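Below: the structure, in structure tokens.
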Amino acid sequence: MKKIKVSICIPSWFEPGMTGRYNDINETYMIASQCLKRLLEVTPRDLFELIIVDNGSTLKTEDIPDDWLPLEWYWDQADVLIKNETNLGFGGALNQAIAKANGEFVLQLNNDILMWSNWLEEILDVFEQPLEPPVGMVMPALEKSGRRFEEIINCKKEDIDMTINADKYGIHAQFGSCWCMKKNLLDKLYKNDGFYFDPQFKMLFKEDRDLYQRVYQLGLETYRAHRVRVYHVGNLTVSKVDGHKDISKNNRKLYEKKWGGKEK
């Protein structure tokens, strides 16, 4: 059996009525399906397994236009599909996905990230670099063109300036929407703490910052690889969670209590 290099984990939650900047269409699913399509187009399929968590979605095929990628298509792309009856939150979904991961590396990917060719190879290459402090986690840089999703999805790689700070590695990177770690490091954190993501951080917010602090405690660093860039749509799901502002406030208090308010 061929060893799996990377387990790409994608939490997903789709509800009817997730509309916004595109008015009366379900922008969350439309963008997520196009981002997944891009992932499959530009990433060598023998390099990764795909783990998708359906985090209690109630969206049905009849809720989306006929000319979109079918909802069934999205779920069918997973090598491992985890289906939850209710939304367990971001950290809860990732705890499930990482537990199922068979790859040497785990890459967490929000479903509103667009990438271009060689993105994953560039991220993996950072783990081979003799950096100090040693590499604990790698994240891409962000494409900040100011263009909207419907414009940037048609951009070719040569339209994106990949040369900005291409020879540099940013330290203390904290981009929770796309990061990569070795699975054995995640397993070490689990052994130390009893979890991958701390379950006290309900739904979303600060669970990723908590993970970074635990990486720093081991003398490792979180690096941004400037030679690889991705586009992040952002705020597609978080604003649809009932009471998200109160959840954010409570999780911030929990984080400050746990870490004394410090954040690198």
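Brief remarks follow.
- Number of residues in the range 197-241 that are modelled with pLDDT under 95 and in a loop (DSSP other than H, G, I, E, B) equals 16.
Let's see how each residue does on (1) among the small types (Gly, Ala, Ser); (2) crowded, with 17+ Cβ neighbours inside 10 Å; (3) within 16 Å of the chain's Cα centre (by Cα); (4) at positive phi:
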{"position": "85", "(1), (2), (3), (4)": "no, no, no, no"}
{"position": "92", "(1), (2), (3), (4)": "yes, yes, yes, no"}
{"position": "109", "(1), (2), (3), (4)": "no, yes, yes, no"}
{"position": "121", "(1), (2), (3), (4)": "no, no, no, no"}
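- Residues of the range 16-44 classified as outside any strand (DSSP E or B), at pLDDT below 70 and not hydrophobic (A, V, I, L, M, F, W, C), total: 4
- Failed criterion for residue 160 (all others in (1) on the phi > 0 side of the Ramachandran plot; (2) modelled with pLDDT under 95 hold): (1)
- Residue list for the range 130-164, filter: surrounded by 13 or more Cβ atoms within 10 Å (Cβ to Cβ) and of a type in the set (S, T, N, Q): 145
- Being of a type in the set (Ser, Thr, Tyr) and surrounded by 15 or more Cβ atoms within 10 Å (Cβ to Cβ) is a condition met by at least one residue of the range 64-75.
- Evaluated against (1) under 25 Å from residue 194 (Cα atoms); (2) in contact with a Phe, Trp or Tyr (Cβ under 7 Å, 6 or more places away or on another chain); (3) in contact (Cβ under 8 Å) with a residue 60 or more places away in the chain; (4) of a type in the set (A, V, I, L, M, F, W, C), residue 99 falls short on exactly one condition, (2).
- Any hit, the range 50-70, residues being closer than 25 Å to residue 119 by Cα, more than 18 Å from the chain's Cα centre (by Cα) and without any contact (Cβ under 8 Å) to a residue 60 or more places away in the chain: yes
The values are calculated or read from the model by the stated rules, or taken from the named source; none is laboratory data. Quick caveat, the model's predicted, so the values are computed rather than measured. In this analysis, Cβ positions are derived from the backbone assuming ideal geometry, glycine residues included, and neighbour counts consider all displayed protein chains.
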